[in-house]
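Participant: For reference, the structure I am asking about is given below.
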């Protein structure tokens with residue numbers, strides 16, 4: 001009990017996590033956590049109280065406590081013992097059932113705004129974000145318009161990975177040869193931490209990125225700056241980017257070869273060999289990139 005209280009004290013100082021949602025999906029995920037916690041506390045708290053009460057009542061110095069060594073069965077107690085966990089399982093199952101359908105990652109977010117399309121590729125050990133409608137790309141930096149939905153198509157260039165922005169919600173896997181989908185939205189402008197949450201070798205600890213949710217006019221300005229980047233991303237440039245690298249600083253590509261994401265997802269471009277366990281430079285950047 002004391003350990004749990006200490007844990008809560010330490011967690012109270014944490015910021016930027018799943019308990020501080022900044023979008024509709026993150027808020028719904030947090031609500032599920034609180035609902036599940038409340039349902040489980042319905043059992044946990046009375047159990048703690050009953051344990052203390054039984055210990056007090058059946059203490060050695062209480063003459064009113066009856067000693068009944070031959071007692072073996074009570075139908076009312078059996079009903080209580082089985083009914084409470086069954087109710088808990090039923091309520092938790094309902095929360096999970098409703099949440100799994102309401103928060104289906106493939107389900108679009110209701111909005112009057114057209115979603116921003118972003119194609120995500122997990123590499124060793126960095127993230128590639130392609131904006132197909134705008135024709136640009138970025139590495140380890142995701143810029144999205146605040147207050148508008150974003151539709152992600154995700155794949156992996158090598159091993160299986162997991163894409164997660166805690167404050168926006170819904171972790172999802174990226175797999176080579178497959179495309180998964182995710183819909184998120186940042187309600188307010190701000191910077192949100194994104195990360196890989198599946199260990200993938202030496203550079204895993206540095207495989208994170210920042211989501212910059214900005215007003216629509218600032219998003220347009222960022223796109224314009226990206227279009228002035230020195231390098232474009234074609235197949236040969238992608239093969240160079242595919243090489244293992246660690247702690248890669250964010251940079252952008254002014255243009256992207258059409259169909260590049262589809263070629264990666266369908267393995268027209270051969271996947272990377274995966275973590276080798278001993279390589280990984282400090283950074284990989286195209287010539288002239290800033």
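Participant: Which numbered condition in (1) surrounded by 11 or more Cβ atoms within 10 Å (Cβ to Cβ); (2) modelled with pLDDT of 85 or more is the only one that residue 43 fails?
Facilitator: If we test residue 43 against (1) surrounded by 11 or more Cβ atoms within 10 Å (Cβ to Cβ); (2) modelled with pLDDT of 85 or more, just (2) comes out false.
Participant: A further question on this structure: Which one of these is in contact with a strand residue (DSSP E or B) (Cβ under 8 Å, 6 or more places away or on another chain) and assigned by TED's automatic domain parsing to the domain that holds residue 154: 259, 206, 194, 272?
Facilitator: Unique residue meeting the criteria: 194.
Participant: Regarding region 87-105, can at least one residue be identified that is farther than 21 Å from residue 39 by Cα and not in a helix (DSSP H, G or I)?
Facilitator: yes
Participant: For region 260-290, which residues satisfy the criterion of being at pLDDT 75 or above and not in a loop (DSSP other than H, G, I, E, B)?
Facilitator: Once the filter is applied, which keeps residues that are at pLDDT 75 or above and not in a loop (DSSP other than H, G, I, E, B), region 260-290 yields 260, 261, 262, 263, 264, 265.
Participant: Follow-up. Regarding residue 167, is this residue in the same structural domain as residue 196 (by TED's automatic domain parsing), part of a loop (DSSP other than H, G, I, E, B) and buried (at least 23 other Cβ atoms within 10 Å of the Cβ)?
Facilitator: yes
Participant: Applying the selection to region 187-205, what residues are part of a helix (DSSP H, G or I) and surrounded by fewer than 17 Cβ atoms within 10 Å (Cβ to Cβ)?
Facilitator: 202, 205
Participant: From the list 134, 167, 66, 119, which residue is closer than 22 Å to residue 23 by Cβ and over 24 Å from the mean Cα position of the chain (by Cα)?
Facilitator: Step by step, each of 134, 167, 66, 119 is checked, and only 134 is closer than 22 Å to residue 23 by Cβ and over 24 Å from the mean Cα position of the chain (by Cα).
Participant: Just one of 176, 183 is in contact (Cβ under 8 Å) with a residue 12 or more places away in the chain, in contact with a strand residue (DSSP E or B) (Cβ under 6 Å, 6 or more places away or on another chain) and outside any strand (DSSP E or B); which is it?
Facilitator: Just a single option satisfies the conditions, and that option is 176.
Participant: Residues of region 85-131 being over 17 Å from residue 208 (Cα atoms), surrounded by 13 or more Cβ atoms within 10 Å (Cβ to Cβ) and in contact with a helix residue (DSSP H, G or I) (Cβ under 7 Å, 6 or more places away or on another chain), which ones?
Facilitator: 88, 91, 92, 95, 99, 103, 109
Participant: Could you go through region 212-220 and let me know if any residue there is out of contact with any strand residue (DSSP E or B) (no Cβ under 8 Å at 6 or more places or on another chain), surrounded by 15 or more Cβ atoms within 10 Å (Cβ to Cβ) and at pLDDT 95 or above.
Facilitator: So far as region 212-220 goes, yes, one or more of its residues are out of contact with any strand residue (DSSP E or B) (no Cβ under 8 Å at 6 or more places or on another chain), surrounded by 15 or more Cβ atoms within 10 Å (Cβ to Cβ) and at pLDDT 95 or above.
The values are calculated or read from the model by the stated rules, or taken from the named source; none is laboratory data. Quantities reported herein were computed from a predicted structural model and do not represent experimental measurements. Every residue, glycine as well, gets a Cβ built from its backbone with ideal geometry; the counts of neighbours run over all protein chains shown.
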